[in-house]
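Visitor: One structure, as C-alpha cells, below. Some questions next.
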Amino acid sequence: MYLSRIAINKDLRKSRQALAFPQMMHAAVLASFPPDIVDEGRDKLERVLWRTDHMADRTWLYVLSGKKPDFQHIVEQFGWENAGQAGETKEYSDLLDRLEEGQQWHFRLHANPVRNIEGKILPHVTIDQQKQWLKDRASKNGFSFGLVEIGGEKHDAFDIVYRDRQKFKKAATDKSFVTLSVATFEGTLVVENAEKLRYAMCSGIGRAKAYGCGLLTLAYKK
C-alpha cells in the first residue's frame, strides 16, 4: 500500500472548483492510475481512498492506494509545479504491519456520518451525533479511544476539527444535487484488533468514499 500527499494551491481557480465539487477531485485522483488498476480496485480491499485536509495555512490531498500513483497532472492543475511542493508518496505497508493490540496512535478520519431510518439515509448534523456515530463504529473497526481528563471528568480523546455541508452536482449536466454532511475527526485511538483496523484503513469507514470520505490515517502518538 502507498500513502501519498500533494499540496493544493488554493489560489488557483481550478483548485477551488475541485475542493467545492468532490467529483472533480475524485476524477483527478482516479486518473493517477491505469484504468485496469481502477477497475480492479472496485471489488477488492485495495481500493483507492482519498481526502483533503484543511490545515491553518495549507490544504493537502491524501491518497491511499495499492499501486504507486502518478500525480503530475494533479500538481499541474491544482498544485505547485516546482519540485519542492510537488508532493510525496511513501510505502504504507510497513506501518500496517506494525499494528498491534494495545498500541496508541494519533488518528485522522474524514467521514460522512449518516444513519439509516426505514431505508432512508439521513445525515447526522450535530457535533454530538457525529461523535457518537464514530464511537458506534470503533469496536467493529478494531479500535477504541484513549481518555483525557477535563475539569475532573474523563472524555474520549478525540474531537471534530472540521465540519461542512457540501452540495454539488455529480456532473455539469445533472439537474439533481448531492448533499453531504462531513466531519473530520482527530485524536488518539487504541488498537483493539489489529486485523480489523488494517481492513478499515485499507477499505475505508462509512459512506461517500468517492467524494473523499472514509480514509483513516495513523501517525505515531507523540
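Visitor: Could you check the range 72-95 and list, in sequence order, the residues that are surrounded by 16 or more Cβ atoms within 10 Å (Cβ to Cβ), at pLDDT 90 or above and under 18 Å from the mean Cα position of the chain (by Cα)?
Guide: Across the range 72-95, the qualifying residues are ILE74, THR89, TYR92, LEU95.
Visitor: What are the residues in the range 191-209 that are surrounded by fewer than 19 Cβ atoms within 10 Å (Cβ to Cβ) and either closer than 18 Å to MET1 by Cα or among the aliphatic types (A, V, I, L, M) (or both), if any?
Guide: The answer is ALA194, GLU195, LYS196, TYR199, SER203.
Visitor: In addition: The conditions are (1) in a strand (DSSP E or B); (2) surrounded by fewer than 18 Cβ atoms within 10 Å (Cβ to Cβ); (3) at pLDDT below 95; (4) not β-branched (Val, Ile, Thr), and GLU186 fails exactly one of them. Which is it?
Guide: Unmet for GLU186, out of (1) in a strand (DSSP E or B); (2) surrounded by fewer than 18 Cβ atoms within 10 Å (Cβ to Cβ); (3) at pLDDT below 95; (4) not β-branched (Val, Ile, Thr): (3).
Visitor: Would you point out which residue out of GLY151, GLY187 is more than 18 Å from the chain's Cα centre (by Cα) and at positive phi?
Guide: Within the list GLY151, GLY187, the selection yields GLY151.
Visitor: What pairs come up if the first residue lies in the range 15-28 and is under 12 Å from GLN166 (Cβ atoms), the second is hydroxyl-bearing (Ser, Thr, Tyr) and part of a helix (DSSP H, G or I), and their beta carbons are under 6 Å apart, counting only those six or more places apart or on different chains?
Guide: From the range 15-28, the pairs are PRO22/TYR211.
Visitor: When you go through (1) open to solvent by less than 40 Å² (accessible area, probe 1.4 Å); (2) modelled with pLDDT under 95; (3) hydrophobic (A, V, I, L, M, F, W, C) one by one for ALA27, which number turns out not to apply?
Guide: So ALA27 meets the others, but not (1).
The values are calculated or read from the model by the stated rules, or taken from the named source; none is laboratory data. Note that the coordinates shown come from a computational prediction; the quantities given were computed from them, not determined experimentally. Methodologically, a virtual Cβ is constructed for each residue, glycine included, from the backbone with ideal geometry; neighbour enumeration extends over all protein chains shown. Remember, those area values only see protein heavy atoms, side chains included, never the ligands or the DNA or RNA. Shrake-Rupley method; radii C 1.70, N 1.55, O 1.52, S 1.80 Å.
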